[in-house]
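Presented below is the structure to which this report refers.
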Amino acid sequence: MEHFYVITNPTKDGELKTAHYIRQYLTDRGKTCIVDMGTKKPGREGYTYKEQVSLDVDCIIVLGGDGTLLQAATDLADREIPFLGINFGTLGFLAEVNKNGIEDALEKLIHDEFEIEKRMMLWGRSYDKEEIKDDARALNDIVITRKGSLQIINFNIYVNGQFLHRYHADGMIASTPTGSTGYNLSAGGPIVEPKANLILLSPICPHSMHSRSIVLSPEDTVTVEIESGRDGEIQEVEAIFDGCHKVSLCTGEKIEIRKSEQTTGIVKLSQASFLEVLHRKMSD
């Protein structure tokens, strides 16, 4: 690799010290490296102006936690540039490099000692009656959750147009295998090998003794239709993409979720298997 771009979360990388250290380390070895200041832009989601990322960039190095990497992946989903995450957070399944391993990681990048895993993404499109409201992608998950008052929401789930179930719950998580260790895990959903291709549906606090997670084919299309609330009242919910992009939905509206045509490339430097990493992370 020759050309690098660094995205940093300024709240975790004070005065961008680590970002500038990485830039200096790479430029001293004849590489090019640009540091994105990582400041939230007015009227924009995420940390990055994607037009600043030139076409010759070989790798995007993300400093922060999984949340920072997810936002960067969403911002740059159509650029097909692999990401390396350096973990400044806590658990960190996506950001595999710790701060004390930065030099070793950079040397491996310079000498092409790495693999790139292609991770499945989700694509969601919301509708107001029959009109399209919004569409976006997610690497981890698309979460349909209540908006405002703390009350159970009612919604119908269809798979490929066929009615599956009417839920009474706090919401629903549609997750990729990568996102299986995120909110899906907290909601009691299964952990999945991140290189797999499938869609997970996990209800959030369902008002039922029998609701379980459902594993679907990556070719399936999931539709979540918002029902009326108690006594026919209008329900307001949100569809949240990777904890960042939000779309408001109300009774009678729906969102379709399917596998995205785009994937996210994750740079893997370690030879440790997913199960080894899972054991280590869950033991911390």
To test your reading of the geometry: what angle, between 0 and 90 degrees and rounded to tens, separates the Cα axis of helix 66-75 from the longest principal axis of the chain? 80 degrees
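Once the mean 1/r over all distinct Cα pairs of segment 76-234 is inverted, what Kirkwood radius in angstroms do you read off? Numbers along the way, then the final one.
Working: mean 1/r = 0.0561 Å⁻¹.
It works out to 17.8 Å.
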Projected-area average for the chain over all orientations - Cα convex hull basis, square nanometres: 15.8 nm²
For Ile152 and Arg79, what does the FRET efficiency come to when R0 = 35 Å and r is the distance between their Cβ atoms, rounded to the nearest 0.05? 0.30
Using label points projected 7 Å from each Cα along Cα→Cβ, tell me how many nm separate Gln24 and Arg280, to one decimal. 2.8 nm
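Multiply the residue separation of Arg230 and His168 by 0.36 nm, subtract the distance between their alpha-carbon atoms, and state the gained length in nm to one decimal.
Working: separation 62, 0.36 × 62 = 22.32 nm, distance 1.07 nm.
Here the answer is 21.3 nm.
Taking the square root of 5 times each eigenvalue of the Cα gyration tensor, what semi-axes in Å does the equivalent ellipsoid of segment 120-198 have, largest first?
Details: eigenvalues 93, 59, 34 Å².
Semi-axis lengths for segment 120-198 are 22, 17, 13 Å.
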Pairs of Cα atoms under 8 Å, at least six residues apart: use those to get the relative contact order of the chain, whole percent. 19 percent
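Using a 1.4 Å probe on the protein chains only, how many percent of the accessible area of the chain belongs to carbon and sulfur? Intermediate values should be presented prior to the final figure.
Details: 6510 of 13520 Å².
The value for the chain is 48 percent carbon and sulfur by accessible area.
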Using the per-residue mean of other Cβ atoms lying within 10 Å as a proxy for protection, in what order, highest first, do the peptides 248-254, 127-133, 169-175 fall? 169-175, 248-254, 127-133
Please check which bits of segment 173-200 a label hung off Glu219 would reach, taking the label as a point 7 Å along Cα-to-C-beta and the cut-off as backbone N under 16 Å. 197-199
Using distinct alpha-carbon pairs, which all enter the 1/r mean, Kirkwood radius of segment 1-40 in Å: 10.3 Å
Here the relative contact order (percent) of segment 123-263, from C-alpha pairs under 8 Å and at least 6 apart, is 30 percent
Taking the Kirkwood radius as the inverse of the mean 1/r across Cα pairs, report the Rg/Rh of segment 161-245. 0.97
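Taking a probe of 1.4 Å, how large is the accessible area per residue of the chain, in Å²?
Value for the chain: 48 Å² per residue.
The values are calculated or read from the model by the stated rules, or taken from the named source; none is laboratory data. Predicted, not measured: the structure shown is a model, and the values here were computed from it. Note that we place each Cβ from the backbone using ideal geometry, even for glycine, and neighbour counts take in every protein chain shown. We work out accessible area using only protein heavy atoms, side chains counted, and drop any ligands, DNA or RNA first. Shrake-Rupley method; radii C 1.70, N 1.55, O 1.52, S 1.80 Å.
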